[in-house]
Each structure stands twice: as structure tokens, then as C-alpha cells.
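Worksheet for the structure shown next.
The values are calculated or read from the model by the stated rules, or taken from the named source; none is laboratory data. Note that the structure is a prediction, hence the values are computed from the model and not measured. With ideal geometry, Cβ positions are generated from the backbone for all residues, glycine too; neighbour counts draw on all protein chains shown. For accessibility, only protein heavy atoms count, side chains too; no ligands or nucleic acids. Shrake-Rupley method; radii C 1.70, N 1.55, O 1.52, S 1.80 Å.
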Amino acid sequence: MLHRIIERHWQKPKPLLSLVLRPLSRLFGAVAARRRAGYLNGTRPSEKLPVPVVVVGNIQAGGSGKTPVVQALVRALQDKGIRPGIISRGYGRTGRGVHVLNHESTAAQAGDEPLLLQRSTGAPAAVGSRRAEAGRALLAAHPEVQIIVADDGLQHYALQRDFELAVFPAADVGKRLDLLPNGNLREPLPRLKSVNAVLLANSRADSPEPDWQLPEDVLLCRSRLQCGAIYRLHRPHELLPAGYLKNRRVIAAAAIAKPERFFAELARLGIDTERQIALPDHADWQIDSLPAADCYIVTEKDAVKLAADTAQEVWVLPVRAELPAELVQAVIRRCLPEAAEAT
């Protein structure tokens, strides 16, 4: 209950609550700055992996669209003939320690987002709360990996990185922002001046321009989200026929950070839903826990958790990020200069 009150406060600040939370935000900021300084000056240990590491993260709590960006970046690297691997903490999983994903891995073992990334890209992946440990295990199992893309972990300074990509929701540009708990920032906005690139995610033609005054060596670019063809659960080649859902009772369900985006996209596509069910992010759920309907439509992140033998009719809406070519080239030039010459 408390976290919901605070999250609503982030969207529509309440003056009295700000008076209470603002001092806590100053304390949070001081602790975060001291922690980062410890890693930068060497008083806290950090590990360098034998291959370059690209961290795709954010300075905000909550969903900022990192996973589609990781997915798109991994695919772009593969298209260039580069062999990437993926590491992640694996939020929502029940297993402990490091897990290198395989064809039999489940969301309970790996987490829903890492499992989605591994299945959708075919890239080797490993999860673990200690990212360096996950990276070592990944390289031991897949020595062919040339570069590691870390899904999240911008604040996980125990792992050294060669390229930092901060994903920032374009919709949040110009909004009132503060550090946790008075706002949703994990680190202050000036942190963006020290990354290699800032990606304004889900940008539109009317999205405002930020006034951050980033250094010249920090690449500022934009990405868009595009919906793919809706397909049947666990049958990606069986696409939803046009008009198939008309006059049918459809329930939409999503266990993601910002489910309203998913529901809004369905409405934009002209899909009428009898009910929209928002579940907690990373929640473990199954179709039979939902009310009865003719069919259901879910996100890809949820699809990897759902049983393949469900008796219900389930459709999946995939979302893809479109990355600018300049970002992909910047990653390759910095991390794999020999590959940059070849491409």
C-alpha cells in the first residue's frame, strides 16, 4: 500500500508528502553518491571481465523500456556478425545463485525478462545477483561470446563496463524529478553527463527536447517502439487473422511495470477488451487465474511464464524497439574497434 501511495506521488506530487519525503531524498542521494565514489576511487572492489561489457540501464525506478532496447541492440550486433551474450540479475525468479539459461530454462529459474531475451534473440544468457559472476559463468559456458550486454545494472558498480547506455523515457523529459523516495530517480540527472549515450525511449515527433546540456562526447539519440504481429501463445508463426477478435470476449492482462502502455496500444490497434487486468510487475501467474473469456491477449514478457498446454486461447502482442544506427556504431567503435573497421 505504501509503495503505491509513493508511486502516485511521483506522478502527481502532493505538497505535504513532499515535505516529509524530500529530506529522505537528500539522504538517499548522499548515500548513493558516496557508494559510487567508493567504486570509482577503488576503495570498493569492481571486476573487469575479459570481454567488453555494455550496460543498458536507467537512473529511474520502474519501467523505462530497457528490455526492448537490449533485445534490439543484441539483434543489431548479431546482424553485424558479432556474437553477443546477455547477463541480468533476473528479477522475479525464485532460484538463487547463477543460472546459465538453456532450452529447458523457466521463468522461475531465470526471470521473465532474461528468458524473453534469450528466446527472442537466441543469444546466450546468464542471470545472477552478482553480474560479474554471471558474466564469468556465461563466458565459461559460451566462450564464443565477444561482447556482453547487461540488462539493467547502471548502478551495479561492482561490474566494470566499457559502455554505459542510459535509457530515459521521452515522456518524462521536462517533468518534475527527484531522488527516491520523493521522486523516482535512483541517481540525479547530472549522472547522465557521465554515460556514453542517452537514449530517449519511445520517442515521438512531438516529444520535447531535453535541456540537460550533455558533454559533446555523450551521444543523445532517440528510439521508437513498434508493435509486431500478434501471434498465438508459443506459436510465433501462427499470426492473428484480421478481424478475428471482433465480437469476442477478450481480456487483456499484463504483469509489467507500466501496464497502461500495453492497454493503450491495444486500444490504438482497435482491439476492444472486455476487461484489462494489471498484475504486479514480474508476477507469477497463469491464465486459469483470470476470469472466463473467449480469448486472452498478453505481453511477450508474460507469455514466457504461461504454460504451453493451457486450455484457453491466448494471443501475444510483441513490442520492438527501433534503435538509431549511430548508437549501434558507437557501441561497436568503443567496445570492438576491430569489428567497427570491418563493418
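Details
- Scan of the range 312-339 for residues that are open to solvent by 30 Å² or more (accessible area, probe 1.4 Å) and either farther than 27 Å from Val51 by Cα or touching a strand residue (DSSP E or B) at 6+ places or on another chain (Cβ under 8 Å) (or both), ordered by number: Gln312, Glu313, Val319, Arg320, Glu322, Leu323, Glu326, Arg334
- Number of positions in the range 294-320 that are assigned to a strand (DSSP E or B) and either modelled with pLDDT of 95 or more or β-branched (Val, Ile, Thr) (or both): 10
- Filter result (in contact with a helix residue (DSSP H, G or I) (Cβ under 9 Å, 6 or more places away or on another chain) and on the phi < 0 side of the Ramachandran plot) within the range 195-209: Asn196, Ala197, Val198, Leu199, Leu200, Ala201, Ser203, Arg204, Ser207, Pro208
Here is a yes/no grid of residues against (1) modelled with pLDDT of 95 or more; (2) within 25 Å of Glu47 (Cα to Cα); (3) out of contact with any Phe, Trp or Tyr (no Cβ under 7 Å at 6 or more places or on another chain):
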{"residue": "Gly85", "(1), (2), (3)": "yes, yes, yes"}
{"residue": "Thr94", "(1), (2), (3)": "no, no, yes"}
{"residue": "Glu104", "(1), (2), (3)": "no, no, yes"}
{"residue": "Thr121", "(1), (2), (3)": "yes, no, yes"}
{"residue": "Ala134", "(1), (2), (3)": "yes, yes, yes"}
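Yes/no matrix, rows are residues, columns are (1) under 21 Å from Glu47 (Cβ atoms); (2) among the β-branched types (Val, Ile, Thr); (3) more than 18 Å from the chain's Cα centre (by Cα):
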{"position": "Gly128", "(1), (2), (3)": "yes, no, no"}
{"position": "Leu139", "(1), (2), (3)": "yes, no, yes"}
{"position": "His142", "(1), (2), (3)": "yes, no, yes"}
{"position": "Ala150", "(1), (2), (3)": "yes, no, no"}
{"position": "Glu164", "(1), (2), (3)": "yes, no, no"}
{"position": "Phe168", "(1), (2), (3)": "no, no, no"}
{"position": "Gly183", "(1), (2), (3)": "no, no, yes"}
{"position": "Pro188", "(1), (2), (3)": "no, no, yes"}
{"position": "Glu209", "(1), (2), (3)": "no, no, yes"}
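- Of residues in the range 210-219 being in contact with a helix residue (DSSP H, G or I) (Cβ under 7 Å, 6 or more places away or on another chain) and part of a loop (DSSP other than H, G, I, E, B), the one surrounded by the fewest Cβ atoms within 10 Å (Cβ to Cβ): Pro215
- Any hit, the range 311-334, residues being aromatic (Phe, Trp, Tyr) and touching a helix residue (DSSP H, G or I) at 6+ places or on another chain (Cβ under 7 Å): no
- Selection of helices (runs of 4 or more DSSP H) fully inside the range 1-117 by the criterion of at least 3 residues being in contact with a strand residue (DSSP E or B) (Cβ under 7 Å, 6 or more places away or on another chain), open to solvent by less than 30 Å² (accessible area, probe 1.4 Å) and not small (Gly, Ala, Ser) returns 66-79.
- The set of residues from the range 149-166 being among the acidic types (Asp, Glu) and farther than 13 Å from Gln60 by Cα comprises Asp151, Asp162, Glu164.
- Filter pass, Arg191 being at pLDDT 90 or above and under 27 Å from Lys48 (Cα atoms): yes
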